[in-house]
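Visitor: A single structure is presented below for examination.
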Amino acid sequence: MRFAQAPPIKAASAVYVTLAAQVVSLGALVLFERVRGRELAAQLAAFGGRPRGADAEALVGAVTVFAVLLMLTTAATLAAAAAYVTWLVRARQANDPSAPSAAVAGAWLIPGVNLVGPALLVHELWKGTRPPSDRRARWLALVAAWWLSWLTTLTLAVTGLARDPSGGLTGAGLAELTCLTLSALLCAATVREITRLQQLACTEPKQPLTPLLTPLPDTAPTT
């Protein structure tokens with residue numbers, strides 16, 4: 001099988017880079033939380049959130065670092081989301097040029113549907129590459145592990161402050177970083193597997209056409 005469009009190799013590379021940036025930026029934020037975040041949160045709470053004069057000057061450096069790390073983490077997360085959606089749309093169109101982009105948006109944005117839709121969409125994309133049948137079990141385990149790790153990461157991010165008894169700035173900790181790292185690695189693995197299968201399909205040699213008519217065997221001339 002040959003695809004109507006080339007597989008989105010550059011888009012896949014963008015996914016790898018942005019996922020790595022997301023993990024690194026969150027790691028820096030978690031490190032700041034553990035080293036300075038809890039103390040900074042307590043100081044800001046003691047000043048009512050608006051320190052003034054000498055107190056403000058003493059905290060401005062730490063607050064600036066925290067703000068920069070938070071913006072970097074947010075930007076990396078948005079970039080990773082944009083890169084992944086771009087790859088997903090192009091990979092689906094490589095399988096089928098008529099594949100609608102709206103299906104990707106619906107799978108990720110419709111409440112309830114987004115709990116299972118993205119994983120099902122990726123599985124359908126994988127099936128569209130005509131993969132070897134003996135890899136199905138391995139693939140299903142990979143997709144399930146990726147999606148469960150992502151849902152766990154999202155749950156930890158939403159409940160972070162509620163679970164942090166020490167009252168940190170964001171509630172981000174080693175649990176969130178570990179789950180995000182695992183989810184990023186598994187996500188990259190699914191992207192790599194689908195892109196690889198599409199590349200293999202594009203490099204397969206074309207099968208020669210079988211002639212419709214078989215020539216008759218030579219016969220000796222009659223006298």
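Visitor: Quickly work out the Arg130-to-Thr178 label distance, labels modelled 7 Å from Cα along the C-beta direction, and quote it in nm with one decimal.
Guide: Distance between the two pseudo-spin positions: 4.4 nm.
Visitor: Kindly write out, for the stretch 73-82 in residue order, the coupling ³J(HN,Hα) from the Karplus curve 6.51 cos²θ - 1.76 cosθ + 1.60 (θ = phi - 60°), rounded to whole Hz, with x marking Gly and Pro.
Guide: In residue order, the calculated couplings are 5, 5, 5, 5, 5, 5, 5, 5, 5, 5 Hz.
Visitor: Give me the extension gain from Leu70 to Leu109: residue separation times 0.36 nm, minus the current Cα-Cα distance, reported in nm with one decimal.
Guide: Stretched out fully, the Leu70 to Leu109 stretch lengthens by 11.7 nm.
Visitor: Continuing with the same structure: If R₀ is 25 angstrom, what is the calculated FRET efficiency for the pair Ser98 and Arg138, using the beta carbon separation as r and rounding to 0.05?
Guide: Using R0 = 25 Å, I get an efficiency of 0.25.
Visitor: At 0.36 nm per residue, and after removing the present C-alpha to C-alpha distance, how many nm does the segment from Gln199 to Val17 gain when stretched out fully?
Guide: Contour length minus Cα-Cα distance gives 63.5 nm.
Visitor: Calculate what fraction, in whole %, of the accessible area of the stretch 112-165 sits on carbon and sulfur atoms when a 1.4 Å probe is rolled over the protein chains.
Guide: 68
Visitor: List, in order, the whole-Hz ³J(HN,Hα) value for each residue of the stretch 108-125 obtained from phi through the Karplus relation with A = 6.51, B = -1.76, C = 1.60 and θ = phi - 60°; use x for Gly and Pro.
Guide: 8, 10, 6, x, x, 5, 6, 7, 9, x, x, 5, 5, 5, 5, 5, 5, 4
Visitor: How would you rank 131-137, 30-36, highest first, on the average number of other Cβ atoms within 10 Å across their residues?
Guide: For the peptides 131-137, 30-36, the packing ranking is 30-36, 131-137.
Visitor: Still on this structure: Determine the shape class of the stretch 85-159: with a ≥ b ≥ c the square roots of the Cα gyration tensor eigenvalues, call it rounded for a/c under 1.5, and otherwise prolate if a/b is greater than b/c, oblate otherwise.
Guide: Judged from the Cα gyration tensor, the stretch 85-159 comes out oblate (a/c at least 1.5, b/c at or above a/b).
The values are calculated or read from the model by the stated rules, or taken from the named source; none is laboratory data. Note that the structure is a prediction, hence the values are computed from the model and not measured. Backbone-built Cβ (ideal geometry, glycine too); neighbour counts: all protein chains shown. Side chains are part of the model used for accessible areas, which takes the heavy atoms of the whole protein and leaves out ligands, DNA and RNA. Shrake-Rupley method; radii C 1.70, N 1.55, O 1.52, S 1.80 Å.
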